[in-house]
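Worksheet: the structure to be examined is printed underneath.
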C-alpha cells in the first residue's frame with residue numbers, strides 16, 4: 001500500500017523534483033510491494049503535482065490494490081513511449097543511481113526530461129530515517145537474532161565444520177519466525193576468524209579455537225545483523241583476552257556515545273581510538289558500521305569519511321574488530337538513534353564465553 | 001592474460017569505436033581475470049589507436065601481469081579524473097549496457113566523450129562466437145555434466161525430497177572436476193515438473209512421479225546446462241509417453257537442423273511446430289534456448305524474435321518443454337555450431353528411463 005508520508009519525505013528531500021525510482025528496495029519502501037524485474041524495467045514515478053504511477057512488465061502482474069496507478073507494459077512495447085506520457089519533459093528527472101545505461105541512454109536520446117540527475121540521495125536519506133512501523137520490525141528482527149545466537153552457540157560440538165554449522169542456521173531462523181537470511185551467515189573457526197571476509201568452509205572445529213558467528217535474518221523484509229566471538233574448550237591466553245576486551249570496550253564506548261547530533265565519523269573514532277591506544281589499531285581494518293533496513297547494507301557508513309550528524313530513526317551497526325594472527329574478534333550490534341539517546345537492538349551478552 | 005584477438009573482434013564489431021567495458025564477465029573475456037568490484041567502479045578501456053587500460057579499485061589489487069596497463073585508484077580518487085587521461089574526449093564512447101547512472105551521469109556532466117552509446121552489442125556479438133580455447137572448455141564442462149547426470153540419477157531413492165537431492169549435487173560436480181554450479185540446480189518431482197521455474201522444496205518423492213533435473217556446472221569459468229526428465233517406479237501412461245516423445249522429437253529435430261546460416265527463429269520453429277502439431281503448443285511456454293558461455297544466460301536467444309543466422313562458434317541450449325497437468329517434461333542439450341553443421345555437447349541419452 002502506498003506509503004504517502006514516506007513519498008512526501010522523498011519529494012521534500014529532492015526539493016520537489018520528479019523522480020523515477022527503479023531500485024526494488026526503494027519501490028518496496030514506497031509501496032510495500034516487492035517486485036524483482038530481473039533484466040526488465042520497473043519504475044515508480046513520483047511528482048509533487050500528480051499522483052504516483054508505477055510501470056511494471058506484464059510478466060509481474062499482481063492483484064493487490066496498492067492505492068496508485070499501475071501501468072503494465074509488454075516486452076514488445078516501447079518503454080520510452082509509455083514513460084513520456086507521465087514524465088514532465090520540461091523538468092529535470094532524478095533517476096536511480098543504479099539505473100542501467102541501456103535504459104538511461106535511450107531516455108536521454110528521446111529527451112524525456114530537460115536533464116537527468118542521480119536522484120537516489122533523496123530516497124536514500126528518507127530510508128535512513130526509519131518510521132515507527134519500520135522500527136518495530138527492525139526491533140523484532142534483532143530480537144529473533146538474539147534468540148538465534150543462543151541456538152547457534154549450541155551448534156558448537158566436537159568436529160563440526162563451519163559449513164555444517166552455517167548450514168543449520170536457516171532452519172533455526174525459520175522456526176523462530178524469520179523468513180530468510182539477511183546475508184549468508186559467516187561461521188569462522190580458529191585462524192579464519194582473523195579474516196573479516198571469511199566464508200564458511202570445511203574447516204573442522206578443534207579445541208582452543210575461536211568461534212566467530214556473524215549472522216542475521218529478515219523479518220517482514222527487515223534485516224538484523226550481529227556478531228559474537230566465542231572460545232571453544234580452552235581459556236583464552238592473556239593476549240587473546242586483551243584483544244577481546246579491547247573490542248568489547250570499543251563496541252560499548254561507541255554505543256554509549258550515540259545520541260542525536262553526534263557525527264558518524266566521531267562514533268567511528270570513539271571505537272577506533274580505544275583499539276589504537278590498546279596497540280591494535282592497524283588490525284582494525286574496516287569501517288565501524290553501516291546503515292541497515294530492508295537491505296543488509298544501506299546508504300550511510302559509520303566511518304571517518306561520513307561527517308553527517310545522526311538523527312532519531314537512524315539504525316546502523318557498531319562492529320569493531322581486531323584481525324590479528326593470535327586472535328580474530330568482532331563484536332557487533334545494531335543500534336537505533338532515539339529522541340534522547342539510543343537503543344541497542346541486540347541484547348545477547350558481550351562477555352567472554354568459553355564453550356565446553 | 002590479454003586476449004588480443006578477442007579485443008580486436010570487439011573493436012571491429014564496433015567499427016573502431018572506443019569502449020569502456022565494465023561488465024565483469026566481459027572484462028574476464030578480454031583479460032582472463034575475474035574481478036567482482038561490488039559497488040565500486042571497474043573498467044577496461046579499449047581503443048584501436050592505443051593499448052588497453054584497466055581501472056581497478058586498490059582493494060582488488062592483484063599480482064599477475066595481464067599484459068596491459070592497470071591503473072589502481074583509491075576510494076577517495078575521482079574516477080572521472082583518472083578516466084579523462086585515457087578516453088578520447090573528441091570521440092563517442094561505447095559504455096556497458098549495465099553501467100549504472102551513478103557513473104554514467106557524472107561522465108556525461110564532465111564531457112568525458114563527445115557522446116555516449118550503449119556499446120554492449122560489440123562485446124556481446126564477439127562473446128557469442130566462441131574461439132577454440134572456449135570451445136574446449138565448454139566441451140569439458142558438458143562432459144562433466146553428462147557424468148554428473150548419471151550420478152544424479154542415483155540420488156533418486158525412496159522418500160528423498162527435492163532439496164535433499166539438489167543439496168548433494170555440488171559435491172558430485174566438484175568430485176568430477178567442476179568448480180561450481182552454473183546456476184542453482186532444479187529438481188522437480190511429480191506435478192512440480194510442470195512448472196518451468198520450480199525451485200527445489202520439501203516435496204517428497206513418491207511412486208509414479210516424474211523427476212526433472214535441470215542442472216549445470218562451471219569448468220574453468222565455462223558453463224554447462226542440461227535437462228533430463230525421468231519416471232520413478234512406474235511405466236508412464238500413454239499420454240505421458242506421447243508428451244515425452246513429442247518433446248524428444250522436438251529436441252532432436254531442432255538439433256538436427258542446426259548448421260551455419262540457419263536463423264535462430266527457424267530453429268525455434270522447428271521444435272515448436274512439432275509440439276504444436278502434436279496438440280501441445282500452448283503448453284510450451286518459453287523460448288527454445290539461450291546462448292551460454294561464462295554466464296549461464298548470455299546475449300542471444302533461440303526464439304521467434306531473433307532472426308540472426310547462426311555462425312560457427314555459437315553455443316546455445318535447445319530445450320523444448322511441455323508443461324501440462326498430466327506431464328511436465330523438458331529435454332535440454334547444449335549445441336555448438338561447427339563449420340559444416342553442429343556438435344551436440346551433451347551425450348546423456350534422451351530415451352525414456354524408468355528408475356526402480
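The values are calculated or read from the model by the stated rules, or taken from the named source; none is laboratory data. Model, not experiment: these values are computed from the prediction. All Cβ positions, glycine included, derive from the backbone under ideal geometry; neighbour counts span all protein chains shown.
Out of (1) under 29 Å from residue B:315 (Cβ atoms); (2) within 14 Å of chain A (Cβ to nearest Cβ), what's the single condition that is false for residue B:154? Here residue B:154 meets the rest and fails (2).
Do you know which residues across the range B:83-120 are part of a strand (DSSP E or B) and at the interface with another protein chain (Cβ under 7 Å from one of its Cβ atoms)? Of everything in the range B:83-120, those that are part of a strand (DSSP E or B) and at the interface with another protein chain (Cβ under 7 Å from one of its Cβ atoms) turn out to be B:95, B:100, B:116, B:117, B:118.
Pick out the one residue from B:282, B:241 that is over 28 Å from residue B:125 (Cβ atoms), without any contact (Cβ under 8 Å) to a residue 60 or more places away in the chain and surrounded by fewer than 23 Cβ atoms within 10 Å (Cβ to Cβ).
On the way: B:241 fails: without any contact (Cβ under 8 Å) to a residue 60 or more places away in the chain.
Criteria check complete, one pass: B:282.
Let's see how each residue does on (1) surrounded by fewer than 21 Cβ atoms within 10 Å (Cβ to Cβ); (2) modelled with pLDDT of 95 or more; (3) closer than 28 Å to residue A:22 by Cβ:
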position	(1), (2), (3)
B:29	no, yes, yes
B:54	no, yes, no
B:70	yes, yes, no
B:88	yes, yes, no
B:96	no, yes, yes
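Summed over the range B:66-78, the residues that are out of contact with any helix residue (DSSP H, G or I) (no Cβ under 6 Å at 6 or more places or on another chain), in contact (Cβ under 8 Å) with a residue 24 or more places away in the chain and more than 14 Å from every other protein chain (Cβ to nearest Cβ) give a count of 2. Tell me yes or no: at least one residue of the range A:296-306 is part of a helix (DSSP H, G or I), in contact (Cβ under 8 Å) with a residue 40 or more places away in the chain and not assigned by TED's automatic domain parsing to the domain that holds residue A:123. For the range A:296-306, residues part of a helix (DSSP H, G or I), in contact (Cβ under 8 Å) with a residue 40 or more places away in the chain and not assigned by TED's automatic domain parsing to the domain that holds residue A:123: absent.
Taking the criterion of being surrounded by fewer than 23 Cβ atoms within 10 Å (Cβ to Cβ) and not in a strand (DSSP E or B), the residues of the range A:315-330 that qualify are A:325, A:326. Considering the range B:263-279 alone, what residues qualify as being touching a residue at least 24 places away in the same chain (Cβ under 8 Å) and surrounded by fewer than 16 Cβ atoms within 10 Å (Cβ to Cβ)? Across the range B:263-279, the qualifying residue is only B:263. Within the range A:286-305, can you find the residues that are buried (at least 22 other Cβ atoms within 10 Å of the Cβ) and closer than 18 Å to residue A:273 by Cβ? A:288, A:289, A:302, listed by residue number.
Residue B:84 meets each of the listed conditions (1) free of Cβ contacts under 8 Å to residues at least 24 places away in the same chain; (2) under 22 Å from residue B:55 (Cβ atoms) apart from (1).
Filtered by the rule that a residue be surrounded by fewer than 15 Cβ atoms within 10 Å (Cβ to Cβ) and within 23 Å of residue B:14 (Cα to Cα), the range B:99-120 gives B:111, B:114, B:115.
Using the structure shown, decide if residue B:138 is within 14 Å of another protein chain (Cβ to nearest Cβ) and closer than 29 Å to residue B:23 by Cβ. When the stated conditions are applied, residue B:138 does not pass them.
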